[in-house]
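Below you'll find the structure I mean.
The values are calculated or read from the model by the stated rules, or taken from the named source; none is laboratory data. Keep in mind that what you see is a predicted model, and the values were worked out from it rather than measured. As a convention, Cβ positions derive from the backbone with ideal geometry for all residues, glycine included, and neighbour counts pool all protein chains shown.
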Amino acid sequence: LKPYVLAIDGPAGAGKSATARGVAKRLGLLHVDSGAMYRAAAWIAVTAGADLDSEVEVLRAVEGVRFEATEEGFLANGRLVGPEIRSADAGEAASRVAVHPGIRRQLVAIQRSLARPPGIVMEGRDIGTVVFPKADLKIFLSASVEVRAHRRFLELESHGEAADLAAIESMIRDRDRRDESRAQSPLLPAGDAIRLDTSELTLEEEVALVGRWAELGRRGPGPTTIFYWFGSRFVKVFSRTMLKFRIEGLDHVPRTGPLIAACNHISFWDPPLVGSNFPRVLHFVAKAELFRNKVFGAMLRGYNSIPIQRGLRARSGLLGAEEVLNEGGAVLIFPEGTRNKSGVLMPPRAGIGRLAAVTRTPVLPIRISGSNQIRRSLRRQTLVRIVIGTPMTPPIRADLDRAVENAFAVRVMEAIAALPGL
Ligand code: DC
């Protein structure tokens, strides 16, 4: 059994610890705070009188110290590392120690060894990029500097520490700068990370949202049909051998969890080309009329197609797609609604905004070009190119706000248009 790995990264005060703890509890997974390891290492180095900016001295201080992660917290040489590492100074020291490659190497090795079934929720700065580049789900939390400073202020106060809001704010700015600009594993979101700005969210909302994505992701997409399996392999081989073909951004696709792939539409080749080359099983939406013919309808269904009713209120028309997303699957949607053979991008319909908002599903923008010239591509005169962008966070509190949903649909089309074409 493979452990499920959820990576939560982000800057100080973005809400990582509380979110990670809440989600781990909800899913029954081990929660590991990797920052605590850097804090513990720094604390040991300080206690030993080492110069924190000297890698040699820090390494000497922590050499031979045994770190273990348990449900209760971190043990250094069998002793629980306590509240001494939670002060603002300890965080500052950790950030200085964390620039040393040798220290990072040691702690990363320990972090990797902690992934055991049923799974782990690890929070930090480089979990999705360096520690677990193949994590099943990656979340990158952020929040405005002001919000983060206020949270840290309350946290320090609750530990009975005197705190000065302005000082914390400037310390956070410095720490961000150092964490983002260091040469080794700088603080950056992984390409397939879902970014979540928590400035306006409550902790309950964060845990509910991330918990939903992880819970559905862990359940897996379910079985697929033999027909789909063979069909998509056949088209994949065809596109890669017979066509002049290229796909980019495959590492932007979250490995698990509900996902809406949103692609421009210029040819009837788009669904099979995108579907078969996509690293996850996709479900397609198709006009209900296409299912009228019994044989063709059965084939479409066998190929993961969901009938949608157009003209109906967007919501009820997309119920089939909602069902797939609510089970943790991935759906391919063409936000423009219809195919435009000329290759020009058109404004979106409301459907995708609604679907993303109602099911709170991240959207992956995809741009396809050249598929409207398949014959030329067979003769190697035109490139068929698929470019996958990075995940977009859905509107979160907009269940019934049409304006927000429409604005999101427009942003999705803009993101598709911003991807390179031919
Ligand atoms: O999350 P935290 O505030 O406890 O982290 C303290 C410092 O440790 C942070 O400023 C940078 C460093 N750190 C890191 O470099 N990589 C991690 N995975 C976690 C923390």
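Can you find a residue in segment 22-29 that is farther than 19 Å from ALA115 by Cβ, buried (at least 20 other Cβ atoms within 10 Å of the Cβ), more than 14 Å from the ligand (Cβ to nearest atom) and at pLDDT 95 or above?
yes
Among (1) over 20 Å from the mean Cα position of the chain (by Cα); (2) buried (at least 17 other Cβ atoms within 10 Å of the Cβ); (3) away from the ligand (no atom under 16 Å from the Cβ); (4) of a type in the set (A, V, I, L, M), there is one condition LEU137 misses while meeting the rest; what is its number?
(1)
Only one of ALA45, ALA69 is within 16 Å of the ligand (Cβ to nearest atom), more than 20 Å from PHE132 (Cα to Cα) and in contact (Cβ under 8 Å) with a residue 24 or more places away in the chain; which?
ALA45
Then there's this: Pairs please, first residue from segment 155-180 and within 16 Å of the ligand (Cβ to nearest atom), second anywhere and small (Gly, Ala, Ser), Cβ atoms under 6 Å, 6+ apart in sequence or on different chains.
Once the first residue is within 16 Å of the ligand (Cβ to nearest atom) and sits in segment 155-180, its partners that are small (Gly, Ala, Ser) give LEU156/ALA163; ILE168/ALA149; GLU169/ALA149; ILE172/ALA12; ILE172/ALA149; ARG175/ALA12; ARG175/SER95; ARG178/SER95.
Another one. Every residue in segment 350-388 that is surrounded by 19 or more Cβ atoms within 10 Å (Cβ to Cβ) and in a loop (DSSP other than H, G, I, E, B), please.
Within segment 350-388, ARG360, THR361, PRO362, GLY370, THR382 qualify.
If you go through segment 201-215 one residue at a time, do you hit one that is touching a residue at least 60 places away in the same chain (Cβ under 8 Å), of a type in the set (Val, Ile, Thr) and assigned to a helix (DSSP H, G or I)?
yes
Another question about this same structure. Quick one: LEU75 ticks every box in (1) in contact (Cβ under 8 Å) with a residue 12 or more places away in the chain; (2) in contact with a strand residue (DSSP E or B) (Cβ under 6 Å, 6 or more places away or on another chain) bar one, so which box is it?
Going through the list (1) in contact (Cβ under 8 Å) with a residue 12 or more places away in the chain; (2) in contact with a strand residue (DSSP E or B) (Cβ under 6 Å, 6 or more places away or on another chain), LEU75 breaks only (1).
Something else: Sort out which residues of segment 119-173 are part of a strand (DSSP E or B) and under 18 Å from GLY35 (Cβ atoms), and write them in order of number.
Listed by number, the residues that qualify are ILE120, VAL121, MET122, GLU123, GLY124, LYS138, ILE139, PHE140, LEU141, SER142.
Here is a follow-up. Quick check, is GLY49 modelled with pLDDT of 85 or more, surrounded by fewer than 20 Cβ atoms within 10 Å (Cβ to Cβ) and in a helix (DSSP H, G or I)?
In short, no.
Could I ask something else about it? Looking at segment 161-212, which of the residues that are hydroxyl-bearing (Ser, Thr, Tyr) and exposed (fewer than 15 other Cβ atoms within 10 Å of the Cβ) is farthest from ALA98 (Cα to Cα)?
Residue satisfying both the conditions and the ranking: THR202.
What tally of residues in segment 389-422 results from selecting those that are closer than 12 Å to ARG367 by Cα and in a helix (DSSP H, G or I)?
Qualifying residue count for the region: 7.
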